[in-house]
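J.: Sharing a structure below in structure tokens format, with a few things to ask.
Every number here is computed from the coordinates shown, using simple stated rules; none is lab data. Treat the numbers as computed from the prediction; the structure is a model and nothing was measured. Quick reminder, even Gly has a Cβ in these numbers, built from the backbone with ideal geometry, and neighbours come from all protein chains shown.
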């Protein structure tokens, strides 16, 4: 919404500036906004009327003509804001569908995969209850990930207060992304989340609690301008636990903190394919979380009475220039056992669990003879050393629930990914990913091919 409004206001400011020469550009902008559904026919007519009034006012003789023009433009902007936000609350319904085909050859007596699945099927709505109150709701109707409860299918349900955007930042309450998540899944170059994100706190990347986010810190709807010319961004959060607990299961909360530096004041976009030419933007950041885990996530796989004192640390960097994007991230998840010995992914008893992951990626996008149509390639390398039983099932091509499928869960090893993507328009992509899994934990290596059609609307 804020992005759309910014585009709109830029167009409006252009109207008086072009009044003396030509209205063609301004009219074209308004027609484009109407075509995309940002403005109705009535809105366009109303804005043009205000622009004409501003132009007439500016053309009148005055001692301070520049001041008169500036005042007219300001009045036009204010009137347009009211016009855009006149239907409050405004709600935008949207959806995401990711049907896919997966092929994994049979090997070492393990059955392969040759199947069509539905990775994600999400519906939701987002918008503003008023000028300073944003909200988001998202539900996933698919059932591709083993072990997800109905509560976990409710992905997002939060309200954000934007009254303090200029000082502290947006205050968000409800079920939301845990700190450390920097991409939405449909904006990733690959078909699946990165290993480093899998090691972050939260179930399906979410937790229930309260955050303060200043700048671009994982929730696009809450974005505000960072400090020092948009160069310093931060976030703080308190959550129930590392899981999606309906209520807090102990007296200890999950505490999270994150920050990011954007030295030139430009934030990278969240789409890892840059079909539209963008200026140089680079960012480096880190996130830290700590929590006591007594009856959630990994303790579900531990002997009775064992509690885990958890710590998460992640570091991430992005460099974006024109149609290129380079990303890197590293994450560590450590747990100290109390009340007994914990069990790691190898089945060994231990007084501590330690997991780490690394992701490196590069993409290049090519825009064709259309504003949105194009193609892109990407390369990604990932390595994992995982001792937490709760994370095992995610290190594999997500294709089914059979014993042979689950057996491909990789705890130690590397994955090499080559990705080719065709974008029909900004809402429809075909992602083809060839990956080679090379475990070092005694399991067999194997290739996989996933072709995923992605529709967002």
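J.: Under a crude label model (7 Å from the Cα following the beta-carbon direction), how far is residue 280 from residue 368 in nanometres?
T.: Placing both labels 7 Å along Cα→Cβ, they lie 3.2 nm apart.
J.: Ok, one more. Would you mind computing, in nm to one decimal, how far apart the modelled labels at residue 153 and residue 123 are, each placed 7 Å from Cα along Cα→Cβ?
T.: The two pseudo-label positions are separated by 1.1 nm.
J.: Binning at 5 angstrom from zero up to the longest distance, how are the C-alpha pair distances of segment 207-332 distributed in percent?
T.: Per 5 Å bin, starting at 0, the Cα pair percentages come out as 2, 10, 17, 18, 17, 12, 10, 7, 5, 2, 0, 0.
J.: Counting only Cα atoms, I'd like the Rg/Rh figure for segment 95-456, Kirkwood definition for Rh.
T.: Details: Rg = 20.1 Å, Rh = 21.1 Å.
The Rg/Rh ratio comes out at 0.95.
J.: Let me ask something else about it. If you take the beta carbon distance between residue 381 and residue 115 as r and set R0 to 30 Å, what does 1/(1 + (r/R0)^6) give as a FRET efficiency, to the nearest 0.05? Each step should come with its number before you reach the end.
T.: Values: r = 26 Å, r/R0 = 0.88.
After rounding, the FRET efficiency stands at 0.70.
J.: Would you mind putting 265-275, 232-242 in packing order, based on average other-beta-carbon counts within 10 Å, highest first? Don't jump to the answer; show the numbers that get you there.
T.: Values: 265-275: 20.1, 232-242: 22.5.
So the order, starting with the most tightly packed, is 232-242, 265-275.
J.: Ignoring solvent entirely, what values of log10 I(q)/I(0) come out of the Debye formula for segment 150-268 at 0.11, 0.19, 0.22 Å⁻¹ when each Cα is a single scatterer?
T.: -0.36, -1.04, -1.29
J.: If you don't mind, there's one more thing I want to ask. Starting from the 7 Å offset along Cα-to-Cβ, what nm value, one decimal, do you get for the label separation of residue 255 and residue 210?
T.: The answer from the label model is 1.5 nm.
J.: Let me ask something additional. For segment 266-346, what is the Kirkwood estimate of the hydrodynamic radius, computed as the reciprocal of the mean inverse distance between distinct Cα atoms, to one decimal in Å?
T.: Working: mean 1/r = 0.0650 Å⁻¹.
Every distinct Cα pair counted, the radius reaches 15.4 Å.
J.: Something else: Using per-residue counts of other Cβ atoms within 10 Å, averaged over each peptide, order 124-131, 250-257, 381-388 from highest down. Write down the numbers at each step before the final one.
T.: Details: 124-131: 15.4, 250-257: 17.1, 381-388: 21.5.
Descending packing order for the listed peptides: 381-388, 250-257, 124-131.
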